[in-house]
Every structure is written in C-alpha cells, then in structure tokens.
1. Checking the structure you have, find out if any residue of the stretch 60-68 is within 13 Å of the chain's Cα centre (by Cα), on the phi < 0 side of the Ramachandran plot and touching a residue at least 60 places away in the same chain (Cβ under 8 Å).
2. Which pairs turn up if I take residues in the stretch 77-89 that are without any contact (Cβ under 8 Å) to a residue 60 or more places away in the chain and look for partners that are of a type in the set (Val, Ile, Thr) with beta carbon separation below 9 Å, at least 6 apart in sequence or on another chain?
3. Among the numbered criteria (1) loosely packed, with under 14 Cβ neighbours inside 10 Å; (2) under 13 Å from residue 19 (Cβ atoms); (3) among the small types (Gly, Ala, Ser), which single criterion is violated by residue 79?
4. List, please: which pairs have Cβ atoms under 6 Å, are six or more places apart or on different chains, and start with a residue in the stretch 14-43 that is of a type in the set (Gly, Ala, Ser) and end with one that is in a loop (DSSP other than H, G, I, E, B)?
5. Condition first: small (Gly, Ala, Ser), out of contact with any Leu (no Cβ under 9 Å at 6 or more places or on another chain) and either surrounded by 16 or more Cβ atoms within 10 Å (Cβ to Cβ) or over 15 Å from residue 90 (Cα atoms) (or both). Now tell me which residues in the stretch 1-58 satisfy that.
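Just so you know, all these numbers are worked out from the coordinates, no wet-lab data involved. Source: prediction; values computed, not measured. With ideal geometry, Cβ positions are generated from the backbone for all residues, glycine too; neighbour counts draw on all protein chains shown.
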Amino acid sequence: MPLIQTDTSIITQINVFTVPPGQQTPLIDYLARAAAVSREVDGWLSASLHRSLDGRRVVNYAQSADLDAARRVFEHLNACGLIEGNRAYGEAHPGLYEVAFTLER
C-alpha cells in the first residue's frame, strides 16, 4: 500500500504516460506485469496505476524504500527489457519524488 508521509526515506516514482486512443488498458496491463517483476527487488514497496477519464493518460505511482532501492528497481526493469517495452504504448514522462507536504481531514 502506498505511504504518503513527509520525513521518510521513501522515494516515489511518478510516471505520466500519454497514450493514443485505445492504448490505455493495454498499457495498464503491461505496467501491472512490470510491477509484478519489480516486486522481486529488495526495497520495492508498492505500485498504483491510474487511468485518466479522458482515456489519454496513465499514471504509474511506484514507491521504493529509498533512492538506492529505486535505482535497483529501474536497473532490474531495464535488464528485463520492461523500460524499453513500455514505449510501445505511448510517451512516458518519469520523475523521482519525495513527499514535501500532506494535509488530511
């Protein structure tokens, strides 16, 4: 389960994909398989996939215990060909983040 909390070592990779019409579900299926592979890496914590209501974007929200773990996940996915493979579905805009602020009711 994602943890959204400040002052942790957790690194969140947020990747926004822009997809052509009809490619949202195939990309989500592909990213779900990649998440299952990522789960094998020490320090991987979670993955959440979001689809836009207009059918044009998919957001992958994945968390690792720290920056080293995030790098290990990327290296593992890259070695398995899963980073290159996601380009077949659309354009990716990845970034690594840490939580800066939260507010709850």
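1. Scanning the stretch 60-68, I find at least one residue that is within 13 Å of the chain's Cα centre (by Cα), on the phi < 0 side of the Ramachandran plot and touching a residue at least 60 places away in the same chain (Cβ under 8 Å), so the answer is yes.
2. 77/37; 77/41; 77/83; 80/37; 82/37
3. Among (1) loosely packed, with under 14 Cβ neighbours inside 10 Å; (2) under 13 Å from residue 19 (Cβ atoms); (3) among the small types (Gly, Ala, Ser), the lone unmet condition for residue 79 is (2).
4. 43/65
5. Result: 36, 43, 48.
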